[in-house]
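Below is one structure; the comments refer to it alone.
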Amino acid sequence: MGDRITLAHGNGGLLTHELVDVMKREFSNRILDELADAAEMKVGKSRLAFSTDSYVIKPLFFPGGDIGKLAVYGTVNDISMKGARPLFLSLGFILEEGLGLDVLKRITRSVGLAAERSGVKIVTGDIKVVEKGAADGVFINTAGIGVIERPGVSISGRARPGDCIVINGTIAEHGMAVLNAREKLGFSSAIKSDCRNLNFVAERCLAVCGSIGCMRDLTRGGLATALNEIAAASNLGIEIDEKSVPVRRDVRALCDVLGFDPLYVANEGKFIAFAGEGDARKVARAMGRPSAVIGRVTRAHRRQVYLRTRAGADRILPALETDQLPRIC
Amino acid sequence: MAEKVGPAATRKIRLMEVCGTHTMVIARMGLKKLLPPSVELVSGPGCPVCVTPEHEIDRALAVAEKPGVIMATFGDMMRVPGSRKSLADIKASGGDVRVVYSCLDALEIASENPGREVVFMGVGFETTAPTVAATVLEARRKRTGNFFILCNFKTVFPALSHIGSSKKLRVDGFICPGHVSVITGSRPYEAFASLYKKACVITGFGDADVLKGVKRLIEKVKESDFKVETEYGRAVTRQGNKTARQIMNRVFRTADARWRGLGTIPESGLALKKEFARFDAGRRFRVRVPAGKTVKGCLCGEVLQGYKSPGDCRLFGRACVPSRPVGPCMVSSEGTCAAYYKYGV
């Protein structure tokens, strides 16, 4: 690792993990070392899930969402992936001097609506103001707590041999929508962020298949990075069929123009569930259209993810190492 | 698409994909696994980032460190290491380095920051040069006095001839760059194909485009068919984009250029014409940089010419990985080493 933080350290890929290793050395414990998106803890007779995330997205408002909506749904989703019912959120604002009050009101209105839609309450919060230039308008942190109520549910970050992998819909919309807006690329398209809460759909999946062993929402680093993290945590291999991964035509077209691979583009309303072969179709139906079964877990090529490409060849699908950049020519 | 590509050749044949984007697409598709064993695919010098020599990177770094300068660059150039550091390191240390998606973005930055000097790090081939030329004309029209271009543009055909005439590496056929050809047309390849007796197919970048292009190229090599073929007819014509070439030739003149690995190739670069000299960052910022030397063990130069494969480099995957690149072929999104590393070729 170099001696300075670069933007690449925040992309959710391998450099982010190196940074996490630096921090783990200072405060490691059994719960933290799971490095799940939400920590699971036993408090008395209750099983709780606890998660935190910070939101620094630019622009603050983008097609399909805004930083407020993202800040609620992001933490709600992390808790849901543990099989927990999200209950309460904390909300911390860092506001840049000069931010318009109307902008802040728009964001907080969005926070309120998102909390209502998710069925969670904002119960505590904090506000700080920093000098102009020290924040990009608004930074938000949310932390959330939920309860695992369904008996027998045990969602680890690990898959089992023979599990099928089910995804709840089309990928890469959030990342491409935000990129188009942020960089003012000028593409007129209907692509919107898929930002939404996943708690209710996750609950429906668990209702039809209580033996789901692993769920993961797909955020930065995209589907490919999440699969690699799970393969490594499980010490198993994963095989994916590229043709079965749903991608909207307009999203694929924009990715092609810019030279981006949709498998690595961020999402904010997509997750994968690992279910036994006999349950995969039930889980896909519970997710609704256009969900798809996209692959399986295997004992071969442990800790690696392989992709059968659309051309019919098999090749490795690595985790995101550096940010994707638009091609020059 | 799962069937093997092309008829099995009766002798070993070597094909070169010239363009870095083709290298990436081929690796991403896993195409090499679909080819007959007698067909070898090697990568060529069509990655504008990869062929930018070390001293040009150092020159850009020296300019970026000048007080008051805003360096605007395509994202790929950010992490290419010079002899000391990269543009990303300069940004992390407080330098004003900004990623842009087009040269016009850099001109806009100049308009919004009249008290600063904005330099656009210009790399690219015939695909990119016309848009930069159009931006220079726009800058002149708007009388923008704080906008400069650091010129590192190159043209593909002199490099193609360099490889075609090579006695060190026999290449039987060329997968020709799709987007360069949109500008140049297919006509310039005709003399090359005829003179060097090489099969040439121009193809696009979708999976089907590349599969069809490679299949036709194998057939043409087998038949010793040196007639240039376009399998990207929806974008490439024989005449190309005359308007784009006129704009490019209005602003740029040809000049000798140094290519990483290939050395100096006469008349293979583009420099600003005298009447546009005031936009030349090289003239505005006369920085002195050392001659530039390749890190010991780095084989980017040989990889770019198809002499070596990334796996032949002892730094590949060990000291040189995408997060800590030694050479540009590992960091560029069109780099051969980056493609091989990422897709396990």
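Quick notes on this one:
- Computed about the Cα centre, the dipole magnitude for the stretch B:1-130 is approximately 740 debye when only Lys and Arg (+1) and Asp and Glu (-1) carry charge, each at its Cβ.
- Counted over the stretch B:190-345, the DSSP beta bridges are approximately 65% antiparallel.
- Spatially, the stretch B:10-50 and the stretch B:118-178 are offset by 22 Å when compared through their Cα centroids.
- Förster-model FRET efficiency, 35 Å R0, A:V56 and A:E203, C-beta, rounded to 0.05: 0.75
- When each of A:K69/B:K142; A:K132/A:K270; B:K85/B:K154; B:K167/B:K242; A:K82/B:K91; A:K24/A:K184 is checked by Cα-Cα distance, pairs over 32 Å: A:K69/B:K142; A:K132/A:K270; B:K167/B:K242; A:K82/B:K91; A:K24/A:K184
- Exposed loop sites here mean trypsin sites (Lys or Arg not before Pro) with a DSSP loop assignment and at most 16 other beta-carbon atoms within 10 Å; chain A contains its longest site-free run at A:193-298.
- A Förster radius of 35 Å combined with the Cβ-Cβ distance from B:S166 to A:E277 puts the calculated FRET efficiency at roughly 0.05.
- Cα principal axis extents for the stretch A:186-329, largest first, Å: 48, 34, 25
- For B:I202, distant residues with modelled amide H under 5 Å away: B:C176, B:E229, B:T230, B:E231
- Per-residue surface analysis assigns B:Y101 an accessible area of about 60 Å², computed on protein heavy atoms at 1.4 Å probe radius.
- Of the DSSP H helices in chain A, those whose Cα atoms cover at least 24 Å axially and whose Kyte score averages 0.0 or more: A:101-118
- Accessible surface of the stretch B:237-305, 1.4 Å probe, proportion on carbon and sulfur as whole %: 49
- Solvent-accessible area, 1.4 Å probe, carbon plus sulfur percent, for chain A: 53
- Each Lys and Arg adds +1 at its Cβ and each Asp and Glu adds -1 at its Cβ; summed about the Cα centre, the stretch B:164-291 shows a dipole of about 680 debye.
- Cα gyration tensor, the stretch A:142-185 - rounded (a/c under 1.5), prolate or oblate: oblate
- In this simple spin-label model, placing a label point 7 Å from the Cα along the Cα-to-Cβ direction at both B:K12 and A:V257 gives a separation of 4.4 nm.
- Working from label points 7 Å from Cα in the Cα-to-Cβ sense, the B:R98 to B:E40 distance is 4.8 nm.
- Estimated [θ] at 222 nm from DSSP helical runs (n ≥ 4, -39500 (n - 2.57)) normalised by residues in chain A, nearest 500: -9000 deg cm²/dmol
- Positive-end residue, the protein assembly as shown charge dipole about Cα centroid, Cβ charges, pick of B:L61, B:L34, A:S156: B:L34
- Inter-site label distance for A:V153 and B:A291 at 7 Å from Cα along Cβ, in nm: 6.9
- Portion, in percent, of the accessible area of the stretch B:1-137 that falls on carbon or sulfur, probe 1.4 Å: 54
- Threshold 50 Å², the stretch B:191-225 residues less accessible with all protein chains present than alone (1.4 Å probe): none
- Surface accessible to a 1.4 Å probe, per residue, for the residues of the stretch B:132-228, Å²: 37
- Mean per-residue shielding of peptide B:70-80 is 3, counting Cβ atoms of other chains within 10 Å of each Cβ.
- Rg/Rh for chain B stands at 0.98; both radii use Cα atoms, and Rh follows the Kirkwood definition.
- Theoretical ellipticity at 222 nm over chain B - DSSP helices of four or more residues, -39500 (n - 2.57) apiece, nearest 500: -10000 deg cm²/dmol
- Probing with 1.4 Å while keeping every protein chain in the model, the per residue accessible area of chain A equals 45 Å².
- Each of B:A235, B:S224, B:S165 was placed along the dipole of chain B (beta-carbon charges, centred on the mean Cα), and the one lying farthest toward the positive end is B:S165.
- All other residues whose Cβ lies under 14 angstrom from that of B:L315 are scored, Lys and Arg at +1 and Asp and Glu at -1, for a net of +3.
- The Cβ shell under 10 Å around B:A88 holds other residues with a net charge of +3, Lys and Arg each +1, Asp and Glu each -1.
- DSSP beta bridges fully contained in the protein assembly as shown are about 55 percent antiparallel.
- Computed accessible area, A:F187, all protein chains, 1.4 angstrom probe, square angstrom: 80
- In the protein assembly as shown, one over the average inverse separation of all distinct C-alpha pairs is 26.7 Å, which is the Kirkwood hydrodynamic radius.
- Summary value for the stretch A:133-222: 44 percent relative contact order, contacts being C-alpha pairs under 8 angstrom separated by 6+ residues.
- Rounded to 0.05, the FRET efficiency of the A:R303 and A:S188 pair, given R0 = 35 Å and the Cβ-Cβ distance, is 0.25.
- The A and B chains share an interface that buries close to 2800 Å² of accessible area, total over both sides, probe 1.4 Å.
- Lys, Arg +1 and Asp, Glu -1 on Cβ, resulting dipole of the protein assembly as shown about Cα centre, debye, nearest 20: 1320
- Interface residues of the stretch B:88-122, defined as those losing at least 30 Å² of solvent-accessible heavy-atom surface relative to the isolated chain (probe radius 1.4 Å), are listed as B:A92, B:Y101.
- For the stretch A:1-33, accessible area lost to neighbouring protein chains reaches 40 Å² or more, against the chain alone with a 1.4 Å probe, at A:R4.
- Counted by Cβ distance under 11 Å from A:K184, the other residues give a net charge of -2, where Lys and Arg count +1 and Asp and Glu count -1.
- Positive-end ranking of A:N180, A:G119, A:G169 along the dipole of the stretch A:104-187, with charges on Cβ about the Cα centre, is headed by A:G119.
- Counting only DSSP beta bridges with both residues in the stretch A:209-329, the antiparallel share comes to about 75 percent.
- Shape call, the stretch A:1-95: gyration tensor on alpha carbons, a/c limit 1.5: oblate
- Annotation: per residue accessible area for the stretch B:25-96 equals 28 Å², rounded to a whole number [probe 1.4 Å, protein chains only].
The values are calculated or read from the model by the stated rules, or taken from the named source; none is laboratory data. Computed from a prediction, not measured in an experiment: that's the story for all the values here. Don't worry about glycine lacking a Cβ; one is built from the backbone with ideal geometry, like all the others, and counts go over all protein chains shown. Calculation scope for accessible area: heavy atoms of the full protein, side chains included, ligands and nucleic acids excluded. Shrake-Rupley method; radii C 1.70, N 1.55, O 1.52, S 1.80 Å.
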